[in-house]
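The structure under discussion appears below in the form of structure tokens.
Coordinate-derived values only; no laboratory data. Keep in mind the model is a prediction, meaning the values are calculated, not measured. As a convention, Cβ positions derive from the backbone with ideal geometry for all residues, glycine included, and neighbour counts pool all protein chains shown.
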Amino acid sequence: MSSNLPTSDSSSDVTRAPSSSRYHASDFLLLILSSPSGAGKTTLTRKLETSFPDLRFSVSHTTRKPRANEVSGRDYHFTDRTQFERLVADGAFLEWAEVHGNLYGTSLSEIDRARETPGCRGMIFDIDYQGARQIRAKVPDITGVFILPPSMEELVRRLRGRASETEEVVQRRFAVATGEIEHYALFDYLVVNDKVDEAFDELRSIIVAQRSRRERRAPLAEALLRSGRL
């Protein structure tokens, strides 16, 4: 009697660890992370770098002066206003905005470089709501996450905890933060960063869930139906 059941042999992949090569291009994740200054986004992004080495962080251009320990090309592409405005005129940016008197922008080539990087399965954009709006208008298949502080009082405390910021700067950043939070509806998910580990667990769950969406995993199901293997 013939059987349609798949047979197993010594070459079976049943016990083999999942390989990144099985994932289709549609599995490539684009994720926006945004927050007001002082919400703790930098700490969360550093934890993401450790937990998701297959995600690449977009390196933005900025006219802001480097802070201590910041390296050009790793943290930002530091440039002056004249050069930045020249890049804008040349259409080099996917998005750009002026924040706290400085210009920030994401170059169009960032996504292409990430897609061409072996083992890279996604890109994270660390941008404000203005940049998020611009990117979402051009790249519909992108997920947005906004990081909230647990309270406005805590936000002020965190801003004052930055030794590099004067009280005048703190007050200006706090005023801007309120306006940034008002744009929360531009994002798909809101994560409250009260306790870092709990906030990171939520953020991690979002990434795992987005990677498992039907439209991203459909090629796996189709491959299973065609060949019996992923």
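Key figures for this structure:
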{"quantity": "For residue 77, distant residues with modelled amide H under 5 Å away", "calculated": "60, 61, 62"}
{"quantity": "Distance between modelled label sites at residue 69 and residue 221, nm, 7 Å Cα→Cβ extension", "calculated": "4.5"}
{"quantity": "Whole-Hz couplings from phi, Karplus 6.51/-1.76/1.60, listed for region 175-180; x for Gly and Pro", "calculated": "5, 5, 4, 4, x, 5"}
{"quantity": "DSSP-assigned coil residues among chymotrypsin sites (Phe, Trp or Tyr not before Pro) in region 39-118, each with at most 11 further Cβ atoms within 10 Å", "calculated": "none"}
{"quantity": "Tilt relative to the chain, helix 214-227 - C-alpha long axis, 0 to 90 degrees, to 10", "calculated": "20"}
{"quantity": "In region 50-153, GluC sites (Glu not before Pro) in a DSSP loop with at most 15 other beta-carbon atoms within 10 Å", "calculated": "70"}
{"quantity": "J(HN,Hα) series, region 40-56, from Karplus relation 6.51 cos²θ - 1.76 cosθ + 1.60, nearest Hz, glycine and proline x", "calculated": "x, 5, 4, 4, 5, 5, 5, 5, 5, 4, 6, 7, 10, x, 8, 9, 9"}
{"quantity": "Alpha-carbon Debye profile of region 26-227, log10 I(q)/I(0) at 0.07, 0.09, 0.16, 0.17 Å⁻¹", "calculated": "-0.22, -0.36, -1.14, -1.28"}
{"quantity": "13 Å cut-off, amide nitrogen to a point 7 angstrom out along residue 151 Cα→Cβ, residues in region 166-202", "calculated": "194"}
{"quantity": "Over the chain, relative contact order from alpha-carbon pairs under 8 Å, at least 6 apart, %", "calculated": "29"}
{"quantity": "The chain: antiparallel DSSP beta bridges as a percent of all, rounded to 5", "calculated": "30"}
{"quantity": "Extension gain, residue 201 back to residue 77 (0.36 nm per residue minus Cα-Cα distance, nm)", "calculated": "41.7 nm"}
{"quantity": "Cut-off under 5 Å, modelled amide H: who pairs with residue 95 long-range", "calculated": "106"}
{"quantity": "Sequence-distant residues sharing a close amide H with residue 56 (under 5 Å, placed H)", "calculated": "121, 122, 123, 124"}
{"quantity": "Whole-Hz couplings from phi, Karplus 6.51/-1.76/1.60, listed for region 185-199; x for Gly and Pro", "calculated": "5, 6, 10, 7, 9, 10, 10, 8, 9, 8, 9, 4, 4, 5, 5"}
